[in-house]
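Written below as structure tokens is the structure these notes are about.
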Amino acid sequence: MSITTKVVGSYKIIEVREETNGSIHRRTISPSDDTSSESAEIKALVAEHHTDEVKTAYLEQIGKTNHFT
């Protein structure tokens, strides 16, 4: 398995690209996601980039965008 990661945007979304046996799976990890079952590599990125400040800003932003009138 080959894993490629990239951190993007002001909310430090982690883009994960996993390639296994010629099949590619892409996913994202946001600051509000549960990462307890992730690999050590992903957990290290989360620890580095998903600081309390980033988590708070992200949750405030999605709270604003989830209110429809």
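The values are calculated or read from the model by the stated rules, or taken from the named source; none is laboratory data. Model, not experiment: these values are computed from the prediction. Here the Cβ is made from the backbone with ideal geometry for all residues, glycine too, and neighbour counts use every protein chain on show. Note: accessible area is taken over every heavy atom of the protein model, side chains too, but ligands, DNA and RNA are not part of it. Shrake-Rupley method; radii C 1.70, N 1.55, O 1.52, S 1.80 Å.
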Quote the accessible area belonging to residue 59 in square angstrom, nearest 10, computed with a 1.4 Å probe and with ligands, DNA and RNA left uncounted.
90
For the chain, state which chymotrypsin sites (Phe, Trp or Tyr not before Pro) are in a DSSP loop and have at most 10 other beta carbons lying within 10 Å of their beta carbon.
68
Quick one: compute the contact order of the chain, relative version, from alpha carbon pairs under 8 angstrom and 6+ residues apart, as a percent.
25
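Given the rule -39500 (n - 2.57) for each run of at least 4 DSSP H residues, summed and divided by the residues of the chain, what is its mean residue ellipticity at 222 nm, to the nearest 500 deg cm²/dmol?
Details: 2 runs with 24 residues, N = 69.
My calculation for the chain gives -11000 deg cm²/dmol from helical runs alone.
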When ligands, DNA and RNA are left out and all protein chains stay put, how many square angstrom of accessible area per residue does segment 9-48 have with a 1.4 Å probe?
65
Checking the cross-link filter: which lysines have an alpha carbon closer than 17 Å to that of residue 64, excluding same-chain neighbours under 8 positions apart?
55
Counting only protein heavy atoms with a 1.4 Å probe and every protein chain in place, the carbon and sulfur fraction of the accessible surface of the chain in whole percent equals 49
State, to one decimal in nm, how far the label point of residue 41 lies from the label point of residue 10, with both points 7 Å from Cα in the Cβ direction.
3.0
Report, ordered by chain and residue number, the aspartates and glutamates lying within cross-link reach of residue 43, taken as a straight Cα distance under 20 Å and ignoring same-chain residues fewer than 8 apart.
15, 18, 19, 33, 34, 52, 53
